[in-house]
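The values are calculated or read from the model by the stated rules, or taken from the named source; none is laboratory data. Since this is a predicted model, take the numbers as computed values, not measurements. All Cβ positions, glycine included, derive from the backbone under ideal geometry; neighbour counts span all protein chains shown.
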Amino acid sequence: MSDPLTFDSASPRLGLPLLFAGQSQKEVFVNEAHALADALLHCAIEGEAAAPPASPTEGENWLVAADATGDWLDRDGAIACRQGGNWLFVTPIDGMRVLDRSTGQDLRYFAEWKKADAVVEPSAGSTVDSEARTAIGSLILALRAAGVLPAS
């Protein structure tokens, strides 16, 4: 019997304990809940793709792109989570927010996935106001650093 405060089996991302077979006869449901909580708490995706990666790592999350194929067929827009050697799929709900590690940008879900478009810094015009350009440039840098705008 294992120590009740430590567990031999835990989820890959947050180390949430998994029940052992036969324990309370509820291990399938509790483990599934733990796996999903592990995937979604402080969710970060590796990027967006229409096909699963060839060699996924446990704990990876991906945003399933349109026209998905393979194991992701008919899962467009879902978050694909690699847990226990399988793909778990989470249908997004309004308010869901994820970090895209490939761009460093936040994505938010409100009826569809949304992210800010790239912004071009001002560079010309009939009247040049260096203070305004400096202020606008600083705002753009701050929004990029916050993950609201893409890196470049």
Do you know which residues across the range 83-105 are β-branched (V, I, T), surrounded by 14 or more Cβ atoms within 10 Å (Cβ to Cβ) and not in a strand (DSSP E or B)? T103
Those residues of the range 109-144 which are at pLDDT 85 or above and in a loop (DSSP other than H, G, I, E, B) amount to F110, A111, E112, K115
Does the range 83-130 hold any residues that are more than 14 Å from the chain's Cα centre (by Cα) and β-branched (V, I, T), and which are they? V119, V120, T127, V128
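Within the bounds of the range 41-50, is there any residue that is over 23 Å from A146 (Cβ atoms), not in a strand (DSSP E or B) and not aliphatic (A, V, I, L, M)? I'd like the intermediate steps shown before the answer.
If we filter the range 41-50 for residues that are over 23 Å from A146 (Cβ atoms), which is where we start, we get 49-50.
Subset that is not in a strand (DSSP E or B): 50.
Of the ones still in play, those that are also not aliphatic (A, V, I, L, M) are none.
No, the range 41-50 contains no residue that is over 23 Å from A146 (Cβ atoms), not in a strand (DSSP E or B) and not aliphatic (A, V, I, L, M).
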Restricting attention to the range 83-129, which residues are touching a helix residue (DSSP H, G or I) at 6+ places or on another chain (Cβ under 7 Å) and closer than 29 Å to L18 by Cα? Q83, G84, W87, L88, V90
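What do you reckon, is G137 closer than 24 Å to P150 by Cα, surrounded by fewer than 16 Cβ atoms within 10 Å (Cβ to Cβ) and not polar (S, T, N, Q)?
Numbers: closer than 24 Å to P150 by Cα: yes; surrounded by fewer than 16 Cβ atoms within 10 Å (Cβ to Cβ): yes; not polar (S, T, N, Q): yes.
Yes; evaluated as a whole, the condition is true for this residue.
Rundown of residues vs (1) more than 18 Å from the chain's Cα centre (by Cα); (2) part of a loop (DSSP other than H, G, I, E, B); (3) surrounded by fewer than 17 Cβ atoms within 10 Å (Cβ to Cβ), yes/no style:
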position: Q23; (1), (2), (3): yes, yes, yes
position: A35; (1), (2), (3): no, no, no
position: A54; (1), (2), (3): yes, yes, yes
position: E58; (1), (2), (3): no, yes, yes
position: A68; (1), (2), (3): no, yes, no
position: D71; (1), (2), (3): yes, no, yes
position: D74; (1), (2), (3): yes, yes, yes
position: C81; (1), (2), (3): no, no, no
